[in-house]
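The structure appears below as structure tokens.
Throughout, read-outs are computed from the coordinates displayed, never taken from laboratory work. The shown structure was predicted, so the numbers you read here are calculated from the model rather than taken from an experiment. Ideal geometry is used to build each Cβ from the backbone, glycine not excepted, and the neighbour counts take in all protein chains shown.
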Amino acid sequence: MKFNPRYSSLNSKLYHHQMPVPLVGATAGHFNEALADELNWDEQDKTGWVEICSGQKTFDEFPPLAMVYAGHQFGQWAGQLGDGRGLLIAQIIDQHGQIIDLHLKGAGKTPYSRMGDGRAVLRSVIREYLAGHALNALGVPSSNAVGFTTSSQGVQREQLELGAMMLRSSDCHIRLGHFEWINQYAPELLKEFVQKSIEWHYPECLKAEKPVLAFATKVIQNTAIMIAKWQLVGFAHGVMNTDNLNITGSTLDFGPYGFMERFRPNWINNHSDYNGRYTYQQQPSIAHWNLWVWLNNLIPLVANEEKEQFKEELAQCLEHFETTFLEHYKMGLCQKMGLPDFHKESFDCGMAFLRILQSEQLDYTQSFVRLQNKQYTALKDDCLDTRQFDAFLTQYDNIRANQDIYELGIKMTKVNPIYILRNHMAQKAIELAEKGDFSEVDRLFKLLSTPFTPQPERETEQDLAPLPNDMAEVTVSCSS
Ligand code: AMP
Ligand code: MG
């Protein structure tokens, strides 16, 4: 590995150096060798991956540290948070020259653990491991993980579970909540922190006339693009607190996430989300709200007499959210539908299709695949209101008449996954893994590596099956 320990060049108030506390008797769970290669791991690192992914081996080039940050959780100011069970154990240079953070999750208590035990359980580690991998393969910017380990050491949650550790990779662990912490507890650090955030993550903004505004605009646009991609693949993050969104717009900290099965935009996947704040359909407006909170933390950068104008400029930056989101979402939906994005009726037609999926409670992923395969009869057979479907199909055919259907069809195959991580798939892999059998984790890992490609030799019927009509969606507990 090639190191660039840049985070530890920041003021030491922003982190706490400490070593991981390894789980007793850690054993291999799963290793993502292709990712390790991309991250320039050499043979020695790869052979020793279990030691690295269980906190037994750290690197002289990078003393591990826990970051401090703050945040708004479920819309309320939560005060100081921070890495309560994760440590940044390395910043390394990947094959593309990009600096990637390696963050060991479940590495023991830190000064920011509050009431927590600093640990992670196998169930949630497997969920995060597979989902990060799936999102990356789906083309959604996201953290990923090099590997995870487990141990017979018990960790108490609602019940006693197996402990685990996961080595997460991400282009950025600077959260919106970092800026909130600085303003509240160490405002003298704001200027330098913003400057470093720009230098590290948006160096092109340094050349702009107003670098901070260019930076804010980029963060807003990248977040909007990420959310558009979530919506298009049917991903619900589940805990979009300001401490769980970073400044590069790559998905992070998705605990009780869910890939939507039935198209039910107001489905609550997080068991602790009593008011449905973080449902699928709320994600764009919540991201907008989080960014608004974040922008307020940039205001102290200017002198009092400039504040009013600066606030207006920041508000203008935020206007990019809606335009960027809609641009990407509309284009993506047209592509999924096999409709030309320049046609004025394409988006309406896409929405008409979604209304059918919603009213008929059809499977989101399977329905797009059926549309792509021109299985219109199968789609119609699942509808109670067949007239609504016929009206849609007429509109759909009209728009596609005289278009290059072949070309549109090719585009559809690149954006409509055949395989997503349905909750029951993850659940089965977890149950086997808890008995020491990681073969199902491995099968899903491979299946989800190429989600757009049919894999008849690897898939099972259940991977494709929609939820039975009488089965409710699962809500996932936040405790992990
Ligand atoms: P999350 O909602 O998972 O993003 O976590 C919110 C905060 O709680 C973060 O600061 C985490 O580090 C912390 N946290 C979550 N679980 C634990 C745990 N088991 N032990 C210590 N801190 C935790
Ligand atoms: Mg978090």
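Once divided by 2.2 N^0.38 Å, the Cα radius of gyration of segment 69-115 becomes 1.47.
Taking 17 Å as the cut-off, the amide N atoms of segment 446-480 that come nearer than this to a point 7 Å along the Cα-to-beta-carbon line of SER113 belong to 480.
Oblate is the label for segment 384-450, because the ratio a/c of its alpha-carbon gyration tensor axes (a ≥ b ≥ c) is 1.5 or higher and a/b is not greater than b/c. Approximating the spin labels as points 7 Å out from Cα along Cα→Cβ, the THR27-to-LYS374 distance works out to 5.2 nm. Normalised by residue number, the volume inside the convex hull of the Cα atoms of the chain is 157 Å³ per residue. Does segment 1-68 classify as rounded, prolate or oblate by the C-alpha gyration tensor (a ≥ b ≥ c root eigenvalues; a/c under 1.5 gives rounded; else a/b over b/c gives prolate, otherwise oblate)? Judged from the Cα gyration tensor, segment 1-68 comes out oblate (a/c at least 1.5, b/c at or above a/b). Each of MET1, MET226 was scored by other Cβ atoms within 10 Å of its Cβ. Listed from fewest to most, they are MET1, MET226.
Separation of segment 178-200 and segment 401-469, taken as the distance between their Cα centroids, equals 41 angstrom. Calculated on C-alpha atoms, the gyration radius of segment 350-480 divided by its Kirkwood radius gives an Rg/Rh of 1.03. Each Cα pair under 8 Å and six or more residues apart adds its sequence gap; the mean of these over the residue count of segment 1-62 is a relative contact order of 52 percent.
Applying the Karplus relation 6.51 cos²θ - 1.76 cosθ + 1.60 with θ = phi - 60° to segment 447-455 yields 3J(HN,Hα) values of 4, 7, 5, 10, x, 8, 9, x, 10 Hz, where x marks Gly and Pro.
In this simple spin-label model, placing a label point 7 Å from the Cα along the Cα-to-Cβ direction at both LYS344 and LYS13 gives a separation of 5.7 nm. From the Cα gyration tensor of segment 1-151, with a ≥ b ≥ c the square roots of its eigenvalues, which class applies: rounded if a/c is under 1.5, or else prolate if a/b is larger than b/c, or else oblate? In terms of gyration-tensor shape, rounded. Counting only DSSP H runs of at least 4 residues, each contributing -39500 (n - 2.57), and dividing by the residue count of the chain, the helix-based mean residue ellipticity at 222 nm comes to -13000 deg cm²/dmol. Based on alpha-carbon centroids, what's the gap between segment 278-322 and segment 228-242 in Å, whole number please? If we compute the Cα centre of each part, the gap is 20 Å. Straight-line cross-link reach from LYS2 at under 25 Å between alpha-carbon atoms covers these lysines, not counting any fewer than eight positions away in the same chain: LYS46, LYS57, LYS105, LYS196.
P(r) tail for segment 54-137, what percent of Cα pairs lie past 19 Å? Percentage above 19 Å: 52. The magnitude of the dipole of segment 101-160, with charges of +1 and -1 set on the Cβ of Lys/Arg and Asp/Glu and taken from the Cα centre, is near 160 debye. Remark on segment 256-356: hydrodynamic radius 16.5 angstrom, per the Kirkwood mean of 1/r across alpha carbon pairs. Each of TYR69, TYR406 was scored by other Cβ atoms within 10 Å of its Cβ. Listed from fewest to most, they are TYR406, TYR69. Entry note, the chain: relative contact order of 15 percent, from Cα contacts under 8 Å with a spacing of 6+ residues.
Using Cα-Cα distances under 8 Å and only pairs 6 or more residues apart, what relative contact order does segment 321-480 have, in percent? Computed value for segment 321-480: 23 percent relative contact order. As a proxy for reagent exposure, ILE356, ILE220, ILE93 were ordered by neighbouring Cβ count within 10 angstrom, fewest first; the result is ILE93, ILE356, ILE220.
Here r is the Cβ-Cβ distance between ASP397 and GLN455 and R0 is 30 Å; the resulting FRET efficiency, rounded to 0.05, is 0.45.
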